[in-house]
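*Asks:* Starting off with a structure, shown below.
Taken together, the values in this text are just the output of simple stated rules run on the coordinates, not laboratory data. Model, not experiment: these values are computed from the prediction. When we count neighbours, we look across all protein chains shown, and the Cβ atoms used for this are built from the backbone with ideal geometry, even at glycine.
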Amino acid sequence: MMTPVAVTSVFAFCFSILIFYLVLQVVRCRRKYKVGYGDGKHEALSMAISAHSNAVETIPLALILMLLLELNKVSSSLIIVLGLLLLVLRIIHVAGMMSSLGSSFGRTYGTLGSWIIIILMAVLNLIVVAF
């Protein structure tokens, strides 16, 4: 039997793995460059810090909205599609963030797509509770 929040639980696991990967990249760079605080003006460390901080700024909100959708009994299939899209977009975003400090395909479209999914989940929650 599935728990009432099984879908969100699975995505929380997936996003946790992604965030942990990003933490490891920051630690790896800190050790490599012997930098305890800040980025020490090392581009690779700056990119790793930015990718990690962006993930921890964005993913929790998405998971809260996903949880609310699930608690509001929105179709599990729809939540899975939205969650998979968001996961792919966040991975694309990480790839873009880790490849360049400037603009990149991954950074631009990963961000834009993530925002669209998050706004869509927020609007769906509003629609479900309003009607």
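*Asks:* What ³J(HN,Hα) values, in whole Hz, does the Karplus curve 6.51 cos²θ - 1.76 cosθ + 1.60 give for the stretch 111-124 when θ = phi - 60°, with x put for Gly and Pro?
*Replies:* Computed from phi, the couplings for the stretch 111-124 are 5, 4, x, 4, 4, 4, 5, 5, 5, 4, 5, 5, 5, 4 Hz.
*Asks:* Rank the residues Leu82, Leu18 as a footprinting-exposure proxy: fewest other Cβ atoms within 10 Å of their Cβ go first.
*Replies:* Values: Leu82 22, Leu18 18.
Starting with the residue having the fewest Cβ neighbours, the order is Leu18, Leu82.
*Asks:* Roughly how tilted is helix 6-33, in degrees to the nearest 10 and between 0 and 90, from the longest Cα axis of the chain?
*Replies:* The helix 6-33 is inclined about 10 degrees to the chain.
*Asks:* What is the list of residues in the stretch 1-44 whose amide nitrogen lies under 20 Å from a point 7 angstrom out from the Cα of Ile91, following Cα to Cβ?
*Replies:* Counting backbone N atoms under 20 Å from the label point, the list is 7-26.
*Asks:* Can you give the extra length, in nm with one decimal, that the chain gains between Val123 and Val81 once fully stretched, where that is 0.36 nm per residue apart less the Cα-Cα distance?
*Replies:* Details: separation 42, 0.36 × 42 = 15.12 nm, distance 1.59 nm.
Net length gain for the segment: 13.5 nm.
*Asks:* Still on this structure: Quick one: Cα centre-to-centre distance for the stretch 1-21 and the stretch 52-107, in angstrom?
*Replies:* Result: 12 Å between the Cα centres.
*Asks:* Still on this structure, I have one more. Please check: in the Gaussian network model of the chain (C-alpha springs, under 10 Å), which one of Ser99, Ser53, Ser75 has the largest mean-square fluctuation.
*Replies:* Between Ser99, Ser53, Ser75, it is Ser75 that shows the largest mean-square fluctuation.
*Asks:* Charges on Cβ only, +1 for Lys and Arg, -1 for Asp and Glu, centred on the Cα centroid of the chain; of Ser50, Ser76, Trp115, which one is farthest towards the dipole's positive end?
*Replies:* Farthest towards the positive pole: Ser50.
*Asks:* Here is a further query. Which residue fluctuates most in the GNM of the chain (Cα springs below 10 Å): Val27, Val81, Val94?
*Replies:* For the chain, modelled as a Gaussian network with Cα springs under 10 Å, the answer is Val81.
*Asks:* For the stretch 1-46, which chymotrypsin sites (Phe, Trp or Tyr not before Pro) are both in a DSSP coil and crowded by at most 12 other Cβ atoms within 10 Å?
*Replies:* Working: sites: Phe11, Phe13, Phe15, Phe20, Tyr21, Tyr33, Tyr37; in loops: Tyr37.
Passing sites in the stretch 1-46 are Tyr37.
*Asks:* Continuing with the same structure: Can you sort Leu89, Leu61 by how many other beta carbons sit within 10 Å, fewest first? Let's see the in-between values first.
*Replies:* Values: Leu89 23, Leu61 13.
Arranged by neighbour count, lowest to highest, Leu89, Leu61 become Leu61, Leu89.
*Asks:* Pairing the Cα long axis of helix 76-99 with the longest principal axis of the chain, what angle in degrees results, from 0 to 90 and rounded to the nearest 10?
*Replies:* So the inclination is approximately 10 degrees.
*Asks:* Could you give the angle, 0 to 90 degrees to the nearest 10, between helix 43-71's Cα long axis and the longest principal axis of the Cα atoms of the chain?
*Replies:* Helix 43-71 sits at roughly 10 degrees to that axis.
*Asks:* Given the options Ala62, Ala51, Ala95, which has the most mean-square fluctuation in a GNM of the chain, springs set between C-alpha atoms less than 10 angstrom apart?
*Replies:* Among Ala62, Ala51, Ala95, the largest mean-square fluctuation in the Gaussian network model of the chain belongs to Ala95.
*Asks:* Could you list His93, His42 so that the one with the fewest beta carbons within 10 Å of its beta carbon is first and the one with the most is last?
*Replies:* Numbers: His93 24, His42 17.
Ranked by crowding around the Cβ, least crowded first: His42, His93.
*Asks:* Additional query: Counting Lys and Arg as +1 and Asp and Glu as -1, each charge on the Cβ, what is the dipole of the stretch 1-113 about the Cα centre in debye, to the nearest 20? Present the calculation step by step, with values, prior to reporting the outcome.
*Replies:* On the way: 9 positive and 4 negative charges, 87 e Å.
So the dipole magnitude of the stretch 1-113 works out to roughly 420 debye.
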